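The values are calculated or read from the model by the stated rules, or taken from the named source; none is laboratory data. The structure presented is a predicted model; accordingly, all values stated were derived computationally and were not measured. Backbone-built Cβ (ideal geometry, glycine too); neighbour counts: all protein chains shown. Ligands, DNA and RNA are stripped out before the accessible areas are found, and what is left, the full protein with its side chains, is counted by its heavy atoms. Shrake-Rupley method; radii C 1.70, N 1.55, O 1.52, S 1.80 Å.
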Amino acid sequence: MLQLQCMLFLFMGTGVLAAKAGIITAEGRKSMTDLVIDIVLPCNIIISFYVEFSPETLASMGRIFIAALGIQCLQLFLSRILYRQRETERRKIMQYGTICSNAGYLGNPVAEGLYGATGLLYTSVYLIPARIFLWSAGLSLFTDAGRKDIVKKLLTHPCIIAVEIGLVLMLGRITLPAMAETALRSIGSCTTVLSMLTIGAVVAESDVCALISRDSLYYCFVRLLLIPGIVLCAGLMLHWEPVLLGISVILAGMPAGATTTLLAGKYHGDAAFASQCTVLSTLLSMAAVPMWCMFLINVG
């Protein structure tokens with residue numbers, strides 16, 4: 001875990017330096033984000049389904065899906081009761097950031113680093129309910145999203161399409177040509193590096209001293225400590241298997257996603273506060289995530 005965390009820090013630090021030097025511009029960072037979400041991560045997801053199919057594997061995928069759905073419902077419930085005293089625009093940001101985390105971006109390299117291909121497979125399944133809530137309950141905080149728009153966004157999301165392709169390959173026991181498999185693995189292997197470089201570029205654009213406020217710290221407490229703490233207690237009481245417990249706790253404790261800032265800016269929300277929550281929670285997650293990992297190792 002220490003080696004993994006040091007590696008992630010180095011990648012993120014490289015992103016900070018590249019942004020400070022003007023190598024990664026704001027436009028370049030957006031392009032890198034699109035590249036990861038639309039191409040690199042889907043390739044990684046497809047390869048994660050390249051496992052020996054068995055009834056046990058299918059059962060494990062079902063359990064992680066149910067656990068993820070329960071966690072999303074928990075986050076939705078907490079988002080509606082924890083921020084009632086906050087000003088309306090800030091409340092929307094905190095609610096969205098509680099419902100929708102950065103599990104799909106930062107969670108993948110952490111899960112893969114800890115649990116290998118199994119962790120990546122579980123993460124791919126875990127993120128299905130997360131993306132459903134993102135484009136429904138999450139988006140509704142900023143705009144009145146119609147049902148057709150929600151369904152369209154879900155069905156056309158590259159990562160959802162990758163999951164569907166992966167399931168067909170796994171259940172049908174279909175083997176891709178060696179050249180195609182090698183290409184997918186090579187592209188997918190860039191996920192961790194590109195993700196952390198992009199996060200580093202986001203950090204470089206922010207004034208760290210201006211990030212800290214009572215509301216942003218409170219949000220980080222909920223996102224990084226309270227939610228994964230509740231998931232951990234629930235998992236221990238329900239006697240979840242170690243990998244299921246680990247993936248659920250780690251992904252439940254991910255920081256705010258970049259979409260928090262993007263949607264706030266697009267729909268005239270408090271984009272400055274959204275940026276504070278995103279960057280501060282990302283920075284603090286560099287300490288919180290290893291803490292949860294070490295705790296899970298001791299529990300296991």
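State yes or no: is H239 outside any helix (DSSP H, G or I), of a type outside the set (A, V, I, L, M) and modelled with pLDDT under 90?
Spelling it out, it is not the case that H239 is outside any helix (DSSP H, G or I), of a type outside the set (A, V, I, L, M) and modelled with pLDDT under 90.
When the residues of region 188-223 are narrowed to those that are touching a residue at least 24 places away in the same chain (Cβ under 8 Å) and not in a helix (DSSP H, G or I), which ends up nearest to L284 (Cα to Cα)?
It comes out as I212.
Out of the residues in region 203-216 that are of a type outside the set (G, A, S) and open to solvent by less than 40 Å² (accessible area, probe 1.4 Å), state the one that is farthest from K30 (Cα to Cα).
So the residue we want is D215.
What is the residue count in region 262-272 for residues that are at pLDDT 70 or above, surrounded by fewer than 24 Cβ atoms within 10 Å (Cβ to Cβ) and assigned to a helix (DSSP H, G or I)?
Residues flagged as at pLDDT 70 or above, surrounded by fewer than 24 Cβ atoms within 10 Å (Cβ to Cβ) and assigned to a helix (DSSP H, G or I) within region 262-272 amount to 3.
If only one of C277, C293 is surrounded by fewer than 24 Cβ atoms within 10 Å (Cβ to Cβ) and either in contact with a helix residue (DSSP H, G or I) (Cβ under 9 Å, 6 or more places away or on another chain) or among the aliphatic types (A, V, I, L, M) (or both), which one is it?
That would be C293, the only listed residue that is surrounded by fewer than 24 Cβ atoms within 10 Å (Cβ to Cβ) and either in contact with a helix residue (DSSP H, G or I) (Cβ under 9 Å, 6 or more places away or on another chain) or among the aliphatic types (A, V, I, L, M) (or both).
Take the residues of region 67-119 that are modelled with pLDDT under 90 and out of contact with any helix residue (DSSP H, G or I) (no Cβ under 9 Å at 6 or more places or on another chain): which is surrounded by the fewest Cβ atoms within 10 Å (Cβ to Cβ)?
T88
Looking at the structure I just gave you, is S195 farther than 20 Å from V231 by Cα and open to solvent by 30 Å² or more (accessible area, probe 1.4 Å)?
Criteria not met by S195.
Working only within region 49-66, note down all residues that are buried (at least 19 other Cβ atoms within 10 Å of the Cβ) and within 16 Å of the chain's Cα centre (by Cα).
Correct list: I64 only.
A256: under 26 Å from S124 (Cβ atoms), open to solvent by less than 50 Å² (accessible area, probe 1.4 Å), in contact with a strand residue (DSSP E or B) (Cβ under 9 Å, 6 or more places away or on another chain) and in contact (Cβ under 8 Å) with a residue 40 or more places away in the chain, yes or no?
Judged against the criteria, A256 is a match.
State all residues of region 117-160 that are more than 25 Å from G70 (Cβ to Cβ) and in a helix (DSSP H, G or I); if no residue qualifies, say none.
K148, D149, K152, T156, P158
Only one of these conditions is not met by V16: (1) at pLDDT below 80; (2) more than 30 Å from L176 (Cα to Cα); (3) open to solvent by less than 70 Å² (accessible area, probe 1.4 Å); (4) of a type outside the set (D, E, K, R). Which number is it?
(1)
Would you check which residues across region 120-167 are farther than 18 Å from I45 by Cβ and crowded, with 22+ Cβ neighbours inside 10 Å and list them?
Once the filter is applied, which keeps residues that are farther than 18 Å from I45 by Cβ and crowded, with 22+ Cβ neighbours inside 10 Å, region 120-167 yields only G138.
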